[in-house]
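This report concerns only the one structure given below.
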Amino acid sequence: MSKYIGKTLLQVVPVLFIITLIVFILVHITGDPVAMMLPDTATAEDRRILTEALGLDQPLYVQYYIFLSNLVQGDFGTSFRYSEPALPIVLERLPASFELAVASMIIACCLAIPLGIWSAVKRNSFIDIFISGVSVLGKAMPNFWVGIMLILVVAVHWGWTPVSGRGGLSHLILPAITLGTGIAAEMTRLIRSSMLEIIGQDYIRTARSKGIREMIVINKHALRNALIPVVTITGLQFTNLVGGSLVTETIFSWPGMGQLIVQAINTHDMAIIQASVFVVAIMVILITVITDIAYKVLDPRIKYNE
C-alpha cells in the first residue's frame, strides 16, 4: 500500500505540469487582459506600457517558462484585481469552501446512508417507492431554487437563520442543506442499488440462515461492502464542492473558491485562475489517494498493483 501511495504521489508532477499548460493556453486565447484592465479612454502608449509590465509582449513559450519558474517558488503572480499575490488570496478562500463542503457531506451522508439502507431492505414496498421518488425529486431540483426557497421560508419568513454571509454555525446551515440534499438524493439511489446487490450474495443468505439478527447482517456484513462505491462518489462530490459550488456560494454570499474563480474568469485575472486550478488539482490528487486508502480499510481483500 505504501508503495502504491508513493507511486501515485510521484505522478503528481506530470499531472500538474499538463494542467498548468492547458490552463495557461486557455487563459491566453480567451481574451486580452490588457483591454479588460484599461478604460476606453486609454491611449496606445498606455496599452504598450501595461503590456510590457505584465510581460505579455513576450512569446507564449517565454511567458510559460517564466510562469513555471515562478511556480516552483510558489509564486503564481500578482492579481491585478486585488494587487496582491494570487496564491495567498486563493488559500484565504479555501477554508470557507472546505467548511461548506464538509458540512454538506455530513448532511448528505446522514440522510443518504439510512434512507438507502431502508429503501433496499424494504424493496418494492411503499417505503421504497416513496424514498426513491423523493430521491429523484431531490436530484431534479436545482440548487439555486432550493437555496432561494430556504432563504425565503427559513431566513426571511421564519427568521431562524441569517440570509447570507459567513460567520457562525447559523450562517452555515442553509448553504450546507442546499448542497447536501442534492448530493444525498444521488447517494441514496447509489446506496440502495449497491445494498440490493450485496443482499443477494450467498454470504448474506448464509448469515441469515445461521439465525443472526437482521440488523447485524445489514450493518456488519452488507453495509461495509455496499459503501465501497459510495466512497468513490463522496470523493468526487467533495472535490466538486470545494472548487465548484459557485451558484450556492453566490446565492448565500459565501466567500469560497467557486465565487473567486468565476470572478477571476470574468475579469481575466490569470494569476488567480492559475493558482485556483493548481490548488484544486492538488486536492483532487490527495482525495484520490485518500479514497484508495478507504477502499483498503473497507475491504482488506482489495490488492493494489505495486
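The values are calculated or read from the model by the stated rules, or taken from the named source; none is laboratory data. Every value quoted in this text rests on a predicted model; they were computed, and no experiment measured them. Positions of Cβ are backbone-derived with ideal geometry, glycine not excepted, and every protein chain shown enters the neighbour counts.
Taking region 232-306 as the region of interest, the helices (runs of 4 or more DSSP H) fully inside it that hold 1 or more residues being closer than 23 Å to Thr78 by Cα and modelled with pLDDT of 80 or more are 257-267, 270-298.
Exactly one residue out of Thr206, Thr248 is polar (S, T, N, Q) and free of Cβ contacts under 8 Å to residues at least 60 places away in the same chain: that is Thr206. Checking each residue in region 91-124 for being of a type outside the set (D, E, K, R) and in a loop (DSSP other than H, G, I, E, B) picks out only Asn124. Every listed requirement among (1) at positive phi; (2) without any contact (Cβ under 8 Å) to a residue 24 or more places away in the chain is met by His268 save one, (2). Of the residues making up region 39-81, those that are in contact (Cβ under 8 Å) with a residue 24 or more places away in the chain and not in a helix (DSSP H, G or I) are Phe76, Gly77, Thr78, Ser79, Phe80, Arg81.
Whether any residue in region 164-182 is under 25 Å from Gly116 (Cα atoms) and hydroxyl-bearing (Ser, Thr, Tyr) is what I want to check. Within region 164-182, one or more residues are under 25 Å from Gly116 (Cα atoms) and hydroxyl-bearing (Ser, Thr, Tyr).
Say whether the condition of being β-branched (Val, Ile, Thr) and either at pLDDT below 80 or under 23 Å from the mean Cα position of the chain (by Cα) (or both) is met by at least one residue in region 152-162.
Step one: list which residues in region 152-162 are β-branched (Val, Ile, Thr), which gives 153-154, 156, 161.
Now restrict to residues that are either at pLDDT below 80 or under 23 Å from the mean Cα position of the chain (by Cα) (or both): none.
No: region 152-162 contains no residue that is β-branched (Val, Ile, Thr) and either at pLDDT below 80 or under 23 Å from the mean Cα position of the chain (by Cα) (or both).
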